[in-house]
Amino acid sequence: MSSPALREAEPSAGTARETAPGPGRRRRIAMVPTVTLLLGALYCLLPVAWVVIASTKSGAELFSTFTFWPGTGFADNVSDLNAYRDGVYWRWMGNSALYAVLGALLSTCVSAFSGYALAVYRFRGRETLFNVLLAGVLMPPVILAIPQYLLLAKADLTDSYLSVLLPQILSPYGVYLARIYAAAAVPADVVEAGRMDGAGEWRIFSRVALPMMVPGLVTVFLFQFVAIWNNFLLPYIMLSDDEKFPITLGLHTLLEQGANTPALYTLVITGAFLAVFPLVALFLVVQRFWSLDLLSGAVKS
């Protein structure tokens, strides 16, 4: 004979079994994040797909055929783009590469030095300085563009390559990432061991800390490269000579001229399509580096 406590517990156990979701329901619930991510990917990739398909259409096909139906004019579009103003498009691409590569390298170096110093050294005002940098992360670039223009105009540097490069060197977000990564990847014991062995601070940073920070610095470089490559407002304010334009500003001028010359629309679309390739190539290279770094870390551990 079962006790009253067991008899009272039996219905509650049955109720729990009845209310527990079955395998089918759990599978449907687990599909919700996947479906949400797929919808987000579709939303982000749909404009890219339109650019890829539209770049294959001639001027007549662009306005007369179905939006996502490929055309037959890609080779002609590339040829016309090469011939436009003696190939000024490729000069714009070269300018963007100069701004993005050099600016991202300098910004990564500054972020590495600053992040390491903020993470390793203890000095008065360190947290205040770091909080000021965090405030810079929240500052919209449009607020800083006009003061930067006025400062560089005082130095007679506007309408020059330096006017686009110099404001990009200090990245508050890059310094923030470098500090967080240095604090996590560079143990204090390793730094102290280097000092006890007689190594100077520069030698400890360059030989010990910097190799440990490389994956984080690659991330900083990638973010800065993409930000500078896609930057439009700063070159728009700083530059007036179209020979110094980056690709974003150059395509913008083509788009404005397309209002009077519709044939230029195909050049804008084809140029936008070709401008994506450097970013895709950089991401693939960096992704391979991340994979190798994770594998090497797993082997070492």
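The values are calculated or read from the model by the stated rules, or taken from the named source; none is laboratory data. Just so it is clear, the structure is predicted and the values come from calculations on it, not from any experiment. Neighbour counts are summed over all protein chains in view; Cβ atoms, including those assigned to glycine, are modelled from backbone coordinates with ideal geometry. Heads up: the accessible areas ignore ligands, DNA and RNA and are worked out on the full protein's heavy atoms, side chains in. Shrake-Rupley method; radii C 1.70, N 1.55, O 1.52, S 1.80 Å.
Would you calculate, for the chain, the mean residue ellipticity at 222 nm contributed by helices, counting each DSSP H stretch of 4 or more residues as -39,500 (n - 2.57) and dividing by all residues, to the nearest 500? Please list the in-between numbers first.
On the way: 14 runs with 231 residues, N = 301.
Here the helix-only value at 222 nm equals -25500 deg cm²/dmol.
Of Phe123, Leu249, Leu39, which is farthest towards the positive pole of the chain's charge dipole, taken about the Cα centre with +1 and -1 on the beta-carbons of Lys, Arg and Asp, Glu respectively?
Phe123
Grab the other residues whose beta carbon is less than 15 angstrom from that of Tyr121, score K and R as +1, D and E as -1, and report the net.
In short, +2.
Amide H to amide H under 5 Å from Gly73: which residues, 5+ apart in sequence or cross-chain, H placed 1.01 Å off N in plane?
Placed amide hydrogens put Lys57, Ser58 under 5 Å from Gly73.
Round to a whole angstrom and tell me the spacing of the C-alpha centers of the stretch 122-180 and the stretch 197-261.
13
In nm, to one decimal, how far is the modelled label at Asn131 from the one at Tyr236, with both set 7 Å along Cα→Cβ?
3.5
Could you give the accessible area per residue of the chain, probe 1.4 Å, as a whole number in Å²? Mind dumping the intermediate values first?
On the way: 18300 Å² over 301 residues.
In whole numbers, the chain has 61 Å² accessible per residue.
In debye, nearest 20: dipole of the stretch 78-298 around its Cα centre with unit charges on the Cβ of K, R (+) and D, E (-)? Write out the running numbers ahead of the final one.
Working: 12 positive and 14 negative charges, 118 e Å.
Result for the stretch 78-298 is approximately 560 debye, rounded to the nearest 20.
Sort the following peptides by mean Cβ neighbour count (other Cβ atoms within 10 Å, averaged over residues), highest first: 147-159, 119-131. Before the final figure, lay out the partial values.
Values: 147-159: 13.7, 119-131: 11.6.
So the peptides 147-159, 119-131, ranked by packing, come out 147-159, 119-131.
Given 0.36 nm per residue, what is the gain on full extension from Leu37 to Asn82 after removing their alpha carbon distance, in nm? Write down the numbers at each step before the final one.
Details: separation 45, 0.36 × 45 = 16.20 nm, distance 3.85 nm.
Full-extension gain reported as 12.3 nm.
For the peptides 76-89, 29-42, 261-274, what is the packing order when you average, over each peptide's residues, the other Cβ atoms within 10 Å and list the highest mean first?
Most protected by this proxy first, the peptides run 261-274, 76-89, 29-42.
Val164: net charge of surrounding residues, Cβ under 14 Å, Lys/Arg +1, Asp/Glu -1, itself excluded? Write down the numbers at each step before the final one.
Values: positive: Lys244; negative: Asp159, Asp241, Asp242, Glu243.
After counting each charged neighbour, the total is -3.
How large, in percent, is the carbon and sulfur part of the accessible surface of the chain at a probe radius of 1.4 Å? Before the final figure, lay out each step's value.
Details: 12570 of 18300 Å².
Percent of accessible area from carbon and sulfur atoms in the chain: 69.
Through the Karplus equation 6.51 cos²θ - 1.76 cosθ + 1.60, θ set to phi - 60°, convert the phi angles of the stretch 76-85 into ³J(HN,Hα) values in whole Hz; use x for Gly and Pro.
Values per residue, Gly and Pro as x: 5, 5, 5, 4, 5, 5, 5, 7, 5, 6 Hz.
Once both labels are modelled 7 Å past Cα along the beta-carbon direction, what's the Leu255-Leu151 spacing in nm?
2.9
Can you tally the net charge around Arg203? Count Lys and Arg as +1, Asp and Glu as -1, for every other residue whose Cβ sits under 15 Å from the Cβ of Arg203. Please list the in-between numbers first.
Details: positive: Arg195, Arg207; negative: Glu192, Asp197, Glu201.
Net of charged neighbours comes to -1.
Fully extended, how many nm does the chain gain between Trp202 and Val285 (0.36 nm per residue separation, minus their Cα-Cα distance)?
27.0 nm
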